[in-house]
Every structure is written in structure tokens, then in C-alpha cells.
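J.: First the structure, which I've put down as C-alpha cells, then a few questions once you've had a look.
The values are calculated or read from the model by the stated rules, or taken from the named source; none is laboratory data. All values reported here derive from a predicted model rather than from experimental measurement. Virtual Cβ from ideal backbone geometry, glycine too; neighbours counted across all protein chains shown. Note: accessible area is taken over every heavy atom of the protein model, side chains too, but ligands, DNA and RNA are not part of it. Shrake-Rupley method; radii C 1.70, N 1.55, O 1.52, S 1.80 Å.
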Amino acid sequence: MTGKVAELVAHAVEKVGKSQLAESKKTPKQGCFYGWVIVTVCIFCKIFKVPGQNNVMSYTVPHLLEDFKLSHAELGGLFSAATIMAGMVQPMLGRTMDRFGGRVCIPAMQVALCVTLAVFSTWQRPEDRFLLHLEVVGIFFFLRMLIGAGEIFPNAIMQQWFQRYRGRAVAIVFTFQWLGNAFVGMAVAYIVSKYSWRTAAALGSTVNLALAPASALLIRRSPEVCGMLPDGSDGYTFVPETNVMPDGDMEMEKEKLANGPDTSDTGGTGSTRFLPHFMFTFFSGLIFGGCDFYMIEMVEEAAGKDGVSVSFSIFAPVAISLSIAIPCVGELMDAYCSRKWLPAALLAASGFLTGGMTIWLTFLQDWRGAVFYGIIRGLVFGQTSRIPQSRG
């Protein structure tokens with residue numbers, strides 16, 4: 001008898017505890033949702049991982065060619081090889097993020113970038129040519145790998161903290177990232193010209209070292225760890241995205257299943273629907289990546305040594321117009337999502353603009369032409385980056 005009474009009491013206590021937990025989830029939370037602190041940390045993480053990007057390396061390339069006695073073919077080929085190798089390890093970085101979370105991975109990435117930039121700033125040319133080539137590939141491999149990690153880790157942690165407002169959070173991070181890159185790029189260009197590329201690398205190393213403990217202190221793996229819900233919701237029940245669908249959309253999905261897959265927009269199903277975007281991104285990446293890497297020398301050849309400031313007249317307008325174009329194109333895609341010709345039209349326009357802007361580089365004579373190039377190029381990037389995110 002006593003055992004049965006004890007069992008009933010334990011059951012009642014457990015039931016009361018669960019009800020109190022449910023009530024605590026419905027209790028209105030005061031103050032700002034902590035997810036926006038995570039967004040702020042991600043913005044700084046993305047801004048200060050720029051060393052190793054093509055547009056920032058552009059300021060260093062002429063000095064590397066001179067200091068290490070490398071030809072354009074050697075440096076470009078070794079840089080490309082390092083980039084390919086770095087791309088192959090990105091899936092492993094994603095699995096690392098899944099296992100250890102952002103509170104471990106982001107500070108670790110910043111410490112690793114600090115060490116890599118410190119080594120880069122003290123790098124000296126060896127006498128052996130083969131050893132020099134190995135060192136070039138090794139340093140650029142770590143730089144490019146860590147740049148990829150600087151994109152993967154913040155993006156992954158924002159997926160944990162935001163559900164309904166994920167698009168808004170990503171847009172805020174992306175906008176401030178590019179605006180920050182514009183100012184950081186101009187600062188790097190000034191430091192390289194006023195002091196040296198080694199000084200710029202050393203400062204980048206110091207900044208990442210300072211950010212690492214702040215990231216470890218502020219980042220949390222997910223809102224559930226802090227007793228919160230995604231988006232800062234009160235009493236919001238988290239359900240899979242595939243189950244959140246209005247009745248009208250559900251009927252449309254049932255009709256699609258009954259009629260078979262729709263292949264009228266791109267002539268394919270599944271991943272093949274994005275094949276045109278994949279192809280365009282690949283070739284535009286080759287074109288613009290190469291232009292960025294040798295932008296200083298290309299502009300000097302076209303406009304003269306002191307004719308155009310690449311950081312102020314080209315890369316800053318690219319970043320500013322890109323930060324404006326992305327939300328605008330997103331709104332356009334959302335407003336006219338039923339127009340199946342719209343993605344193809346945007347890709348076609350981007351293709352013509354990419355070709356035209358590449359040819360335009362050879363005609364740059366002053367800062368006005370450079371700013372025009374930067375604005376149009378930012379619009380091209382804004383269009384092509386929003387198309388796959390806005391298509392169903």
C-alpha cells in the first residue's frame with residue numbers, strides 16, 4: 001500500500017513539474033532576444049575573416065610578385081591549387097560544426113586565422129624554388145580554408161537561433177558584412193601602401209586573436225541551451241518547416257504531386273533546376289575571381305599608376321551596391337515568384353552585364369568609370385546570390 005502511495009505522489013510531482021516547465025515557456029521574456037547578440041558576433045566574424053579573399057589579396061599581390069620573385073602564372077596557379085584543396089575540406093568543416101557547435105568552432109577558427117596571418121606576416125622567401133611553391137600553396141590553403149569556415153560556422157549557428165525570422169537575420173548579417181568589408185578593404189589598402197603588406201597581415205592576426213575570447217564568451221550553441229525558443233518566441237511550438245504550410249499552399253502541393261513534377265521553368269527536376277545558376281556562378285567566379293586577384297595591375301595598365309584608387313573607387317562601390325541589391329532582388333523575387341521566366345531573365349541580364357563589365361575594365365581612365373564598374377558588378381552579384389534562395 002505504501003509503495004503505491006509513493007508511486008502516485010511521484011507521478012503527481014512529475015506532472016506538476018512538466019506543467020510548470022510548459023508555463024515557463026509561455027512566460028513573456030523581457031528585453032532583447034539573445035539571438036541578435038549572436039547575429040552581432042557573426043557579423044564581426046565575417047568582416048574580419050577577409051584576409052585571403054581575392055579583393056583584399058589584390059592589394060598584396062604586386063608586393064608578393066616582387067618580394068618572392070614569382071611570375072603571374074606561378075602565383076595564380078599556386079593560389080588556384082590552394083583554393084581547390086581548401087574547397088575539398090569544406091564538408092569536413094560542416095561536420096565539425098555539427099558535432100562541436102559554434103561556441104567551439106568560431107573561436108577556434110579565429111585563433112587558427114590569427115596563427116596563419118602571423119605566419120604570413122613573417123614569411124620570408126626560401127632559396128629553394130620547390131620549397132617556395134610548397135609554402136605558397138600551404139599558406140594560401142589555410143587562408144582559403146579558414147575563409148570558408150568563416151562563412152559556414154556563422155551561417156550554421158544562425159540556423160539554430162532563428163526559424164521564422166531567419167531571412168531577416170541573414171539579410172542583416174549579409175548587409176553589414178559587405179558594408180564592413182568595404183571599410184576594412186580601404187583600411188587594408190591604406191596600411192599596405194603606407195606601411196607594408198606584412199603590417200596589414202599582422203593587424204588582421206591581432207584583431208582575430210582579440211575576437212576569439214569575445215566569441216567564446218558570447219556564443220551559445222542554440223536557444224534551447226539557454227532555456228529559450230527560436231526567434232525569441234513565447235509559447236511558440238517549434239515544428240519542421242515542411243509542416244508549416246497554409247491550406248491553400250497545401251492544396252497546391254497535392255495538385256503538383258498528382259500531376260507530376262513541374263519542369264517548365266528550367267527543363268529539369270531536383271538539382272537540375274538550378275543547373276543554369278550553377279553554371280553561371282562557376283564561370284562568373286572564374287572571371288571576377290581572376291579580375292580581383294590582379295585588379296591593381298589591370299587598373300594601373302588601363303588608367304595609369306595613380307589614376308584610380310581600386311579600394312575606394314571599385315571595391316567599396318561593389319560592396320555598397322551589393323548590400324543594397326540583395327534585399328531589393330529578394331523583394332522582387334518574392335513579389336513576382338509566380339513568374340517562372342524571372343530567374344532566367346535575371347541570369348541572362350547578369351550574363352550580359354558580366355561580359356560587358358569585364359570588357360569595360362580595359363577602358364577605365366578615371367574614377368567615374370571605376371565607380372560605374374563597381375556599382376554594376378555589385379548589382380550582378382546581388383541578383384545571382386538571391387535567385388537560388390528565392391526559388392522553390
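J.: Cβ-Cβ below 8 Å, separation at least six or inter-chain, first residue in segment 81-97 and touching a residue at least 60 places away in the same chain (Cβ under 8 Å) and hydroxyl-bearing (Ser, Thr, Tyr), second assigned to a helix (DSSP H, G or I) and open to solvent by 30 Å² or more (accessible area, probe 1.4 Å): which pairs?
T.: Correct list of pairs: 83/144.
J.: Of the conditions (1) under 31 Å from the mean Cα position of the chain (by Cα); (2) more than 30 Å from residue 196 (Cα to Cα); (3) modelled with pLDDT under 90; (4) not hydroxyl-bearing (Ser, Thr, Tyr), residue 6 fails just one. Which one is it?
T.: If we test residue 6 against (1) under 31 Å from the mean Cα position of the chain (by Cα); (2) more than 30 Å from residue 196 (Cα to Cα); (3) modelled with pLDDT under 90; (4) not hydroxyl-bearing (Ser, Thr, Tyr), just (1) comes out false.
Okay, residues lined up against (1) touching a residue at least 12 places away in the same chain (Cβ under 8 Å); (2) buried (at least 23 other Cβ atoms within 10 Å of the Cβ):
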{"position": "148", "(1), (2)": "yes, no"}
{"position": "154", "(1), (2)": "yes, yes"}
{"position": "160", "(1), (2)": "yes, no"}
{"position": "164", "(1), (2)": "yes, no"}
{"position": "176", "(1), (2)": "yes, no"}
{"position": "179", "(1), (2)": "yes, no"}
{"position": "188", "(1), (2)": "yes, yes"}
{"position": "191", "(1), (2)": "yes, no"}
{"position": "194", "(1), (2)": "no, no"}
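J.: When the residues of segment 196-206 are narrowed to those that are crowded, with 20+ Cβ neighbours inside 10 Å and out of contact with any Ser or Thr (no Cβ under 7 Å at 6 or more places or on another chain), which ends up nearest to residue 37 (Cα to Cα)?
T.: Across segment 196-206, the extreme among qualifying residues is 204.
J.: Hand me the list of helices (runs of 4 or more DSSP H) wholly inside segment 50-101 holding 1 or more residues that are more than 30 Å from residue 222 (Cβ to Cβ).
T.: On the way: elements: 54-67, 72-88, 90-100.
Correct list: 54-67, 72-88.
J.: Taking the options 312, 363, name whichever one is modelled with pLDDT under 85 and either more than 20 Å from the chain's Cα centre (by Cα) or open to solvent by 90 Å² or more (accessible area, probe 1.4 Å) (or both). So that I can check it myself, show each step before the final result.
T.: Working: 312 fails: modelled with pLDDT under 85.
Among 312, 363, only 363 is modelled with pLDDT under 85 and either more than 20 Å from the chain's Cα centre (by Cα) or open to solvent by 90 Å² or more (accessible area, probe 1.4 Å) (or both).
J.: Restricting attention to segment 91-129, which residues are open to solvent by less than 50 Å² (accessible area, probe 1.4 Å), aliphatic (A, V, I, L, M) and either within 21 Å of the chain's Cα centre (by Cα) or over 28 Å from residue 61 (Cα atoms) (or both)?
T.: 93, 97, 106, 109, 112, 113, 117 - these are the residues of segment 91-129 that are open to solvent by less than 50 Å² (accessible area, probe 1.4 Å), aliphatic (A, V, I, L, M) and either within 21 Å of the chain's Cα centre (by Cα) or over 28 Å from residue 61 (Cα atoms) (or both).
J.: Let me ask you something else. Filter segment 47-73 down to the residues that are in contact (Cβ under 8 Å) with a residue 60 or more places away in the chain and farther than 20 Å from residue 113 by Cβ, then identify the one that is most open to solvent (accessible area, probe 1.4 Å).
T.: From segment 47-73, those in contact (Cβ under 8 Å) with a residue 60 or more places away in the chain are 47-64, 68, 70, 72; that's our starting set.
Filter again for farther than 20 Å from residue 113 by Cβ, leaving 62-63, 68, 70, 72.
Numbers: 62: 37, 63: 66, 68: 2, 70: 16, 72: 95 Å².
For segment 47-73, the residue satisfying everything is 72.
Each row is one residue, and each column tells you yes or no for (1) at pLDDT 90 or above; (2) more than 12 Å from the chain's Cα centre (by Cα).
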residue: 149; (1), (2): yes, no
residue: 164; (1), (2): no, yes
residue: 170; (1), (2): no, no
residue: 175; (1), (2): no, no
residue: 182; (1), (2): no, yes
residue: 188; (1), (2): yes, yes
residue: 191; (1), (2): yes, yes
residue: 194; (1), (2): yes, yes
residue: 202; (1), (2): yes, yes
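A quick yes/no check of all residues on (1) modelled with pLDDT of 90 or more; (2) within 24 Å of residue 187 (Cα to Cα); (3) small (Gly, Ala, Ser):
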residue	(1), (2), (3)
64	yes, yes, no
72	no, no, no
76	no, no, yes
111	yes, yes, no
119	yes, yes, no
134	yes, no, no
142	yes, yes, no
